[in-house]
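What follows is one structure encoded as structure tokens, with my remarks underneath.
The values are calculated or read from the model by the stated rules, or taken from the named source; none is laboratory data. Only a predicted model underlies this, so the values are computations on that prediction, with no experimental measurement involved. When we count neighbours, we look across all protein chains shown, and the Cβ atoms used for this are built from the backbone with ideal geometry, even at glycine.
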Amino acid sequence: MLYRRIFQFFIIYFLFIGGLMLLKYSLGLSDYVIPAPSGMFHILTAEYHRYSLATLNTMTVAVIGQILSVIMAFIIGILGRQSTWFGSFIKVAAFNIQAYPIVALAPILFILLGDGFLTRLLIAAMICYFPVLLSVLGIMSKPVDDIEHFYRVTGRMRWQLEVKIRTFENLTQLTTVIAGSATLAMAGTIVGEFIAANAGIGYSIRIALYQSDMGKILIALFLIGITIAIYQAFLELLGAAVKRAWTGK
Amino acid sequence: MPLICDNIAFTYSGAERPLFTDVSFQLTTPGFHSFFGPSGVGKTSLAKIITGDIAGYSGRVSTAGLKTLLYSHNKERLPGWSGVDRHLTRVISPPMHAQKDELVEIFGLSDCITSRFDQLSMGQQNRVNLIRYLLQDCDLLIMDESLANVDELTRERIILAVKDMFPDRYFLYISHNVIEVSKFCDSILVFCNNGRIPQTVMIQGCNIRRGEDLSPTALDAAMLEIMNAV
């Protein structure tokens, strides 16, 4: 799983670089617009250490943000699963709020909370929270009748058991959604850093943009991509391990 | 009278015609009773009306003599996160654990009782599901094709054992097997097809128990009566 993810990333990244080189040499663009492969290698060796630390910084924020958003999504999803007034209210609120782009709210957070760790964390959590919430709400609101019937008619159904049954029956879907939300968390953090933060790879990209340094941006993209690929593979492996332990398959 | 259904009529919302009308019957003695008839005539719907799972019908259902009514069917599953025996132990009260072990033996499940539910065959799954319902505190258990996919000999062994072990309980057995219902059931409510009036007919089955001899003439008569009614 890990090697497949990394391999897939390399294919996509180098196809993208190949496309850029094709553009550069076919249109005769200067190294200032698109650096030559040797120039990119030079930037890589020069900036590798600093950019790696910045990427790890961003990744840490994204991981914490994702954990927070998954916990929040489960709490709200479990509370909103019932067909009561409160459950319906939560569902309607979730659908309506997620329609508003979180990125548009980011400047407000930076004004209120400054450009530090907390703002980046909040933006990351908010961006990956709603897709996870919608999936969890959908899963938790849908009864698994052929299993739940017995517990209902015999008066044994408790909310914990209901949640356990629905989680177990939709484990693959939940694992996929959580692994997929890692990309959103990373994207959210980078967007936050890009807007106003003072650390992280998004901040480094912003500086590179001000310098019009395409080489630095491409190296940053490489490090972001490889980090997300490894993290997603880790989440998929974790999901597979949980599934194997729980289902015995 | 423990169970009285009087002039029950039911139409599914959006349906042009009622599923059934004027269905009346009474169950006065515990034991094995049956709903029999072709698919789609309303056996399951009537069972769910009796247990209160379906509302919006007309007529009267009186279950005054029965405290707890349970409906079980053959599509039910047990959660897959642990073995079947562990699930059964959790949902059956401790004083009934000895009975559980006895039923597991009689139902022919001893070899697979530690397996997970999805590792069992369909017949084994139905038998496991039936065991957990049998060992609940209830007065009427509706078994909607609960022994589907189980071979005939095992089905016979199971029905006779259930009749022996739970003599004071009411069972409503929904089945498509005319020999089985004629042989083991007491009252058989036959649902007629093709809009015949009346839509249901109550027929007396042979209701044999363990150790009793079955009269072939009585069985033939019951089967003939059922087939004529359908």
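Somewhere in the stretch A:56-75, is a residue of a type outside the set (D, E, K, R) and more than 23 Å from the chain's Cα centre (by Cα)?
No, the conditions are met nowhere in the stretch A:56-75.
Can you find a residue in the stretch B:81-91 that is at the interface with chain A (Cβ under 8 Å from one of its Cβ atoms) and part of a loop (DSSP other than H, G, I, E, B)?
Within the stretch B:81-91 (the criterion being at the interface with chain A (Cβ under 8 Å from one of its Cβ atoms) and part of a loop (DSSP other than H, G, I, E, B)), the answer is yes, since at least one residue qualifies.
Within the stretch B:63-95, track down each residue that is buried (at least 16 other Cβ atoms within 10 Å of the Cβ) and under 29 Å from B:Thr28 (Cβ atoms).
Across the stretch B:63-95, the qualifying residues are B:Thr63, B:Leu66, B:Leu69, B:Leu70, B:Tyr71, B:Ser72, B:His73, B:Asn74.
When you go through B:Arg169, B:Arg116 one by one, which is the residue that is of a type in the set (Lys, Arg), in contact with a strand residue (DSSP E or B) (Cβ under 8 Å, 6 or more places away or on another chain) and within 14 Å of chain A (Cβ to nearest Cβ)?
Every option except B:Arg116 fails the conditions.
Filter the stretch A:125-167 down to the residues that are charged (D, E, K, R) and crowded, with 16+ Cβ neighbours inside 10 Å, then identify the one that is nearest to B:Asn129 (Cα to Cα).
Among those that are charged (D, E, K, R) and crowded, with 16+ Cβ neighbours inside 10 Å, it is A:Glu148.
If the requirement is being closer than 23 Å to A:Gly80 by Cβ, among the aromatic types (Phe, Trp, Tyr) and more than 14 Å from chain B (Cβ to nearest Cβ), which of these qualifies: A:Tyr151, A:Tyr100?
A:Tyr100
When you scan the stretch A:1-119 for helices (runs of 4 or more DSSP H) that lie fully inside it, which ones turn up with 3 or more residues that are closer than 21 Å to A:Tyr203 by Cα?
A:37-79, A:102-113
Within the stretch B:87-122, how many residues turn out to be in contact with a Lys or Arg (Cβ under 7 Å, 6 or more places away or on another chain), under 21 Å from B:Val150 (Cα atoms) and not aromatic (Phe, Trp, Tyr)?
3
What do you reckon, is B:Gln99 within 14 Å of another protein chain (Cβ to nearest Cβ), among the polar types (S, T, N, Q), surrounded by 15 or more Cβ atoms within 10 Å (Cβ to Cβ) and in a helix (DSSP H, G or I)?
It is false that B:Gln99 is within 14 Å of another protein chain (Cβ to nearest Cβ), among the polar types (S, T, N, Q), surrounded by 15 or more Cβ atoms within 10 Å (Cβ to Cβ) and in a helix (DSSP H, G or I).
From the residues in the stretch B:204-221 that are touching a residue at least 40 places away in the same chain (Cβ under 8 Å) and in contact with a Cys (Cβ under 6 Å, 6 or more places away or on another chain), which one is nearest to B:Lys163 (Cα to Cα)?
By that ranking, first place goes to B:Gly205.
Any residue in the stretch A:155-163 that is within 30 Å of B:Asp139 (Cβ to Cβ), away from chain B (no Cβ under 14 Å) and either touching an Asp or Glu at 6+ places or on another chain (Cβ under 7 Å) or in a helix (DSSP H, G or I) (or both)?
Yes, there is a match, as at least one residue in the stretch A:155-163 is within 30 Å of B:Asp139 (Cβ to Cβ), away from chain B (no Cβ under 14 Å) and either touching an Asp or Glu at 6+ places or on another chain (Cβ under 7 Å) or in a helix (DSSP H, G or I) (or both).
Here are some conditions: (1) surrounded by fewer than 19 Cβ atoms within 10 Å (Cβ to Cβ); (2) in contact (Cβ under 8 Å) with a residue 12 or more places away in the chain. B:Glu105 meets all but one. Which one does it not meet?
It is condition (2) that B:Glu105 fails.
Would you mind finding the one in A:Thr183, A:Thr189, A:Thr227, A:Thr167 that is in a helix (DSSP H, G or I), closer than 30 Å to B:Arg90 by Cβ and in contact with a helix residue (DSSP H, G or I) (Cβ under 8 Å, 6 or more places away or on another chain)?
A:Thr167
For the condition at pLDDT 80 or above, loosely packed, with under 11 Cβ neighbours inside 10 Å and not β-branched (Val, Ile, Thr), what is the one hit in A:Leu112, A:Leu121?
The conditions single out A:Leu112.
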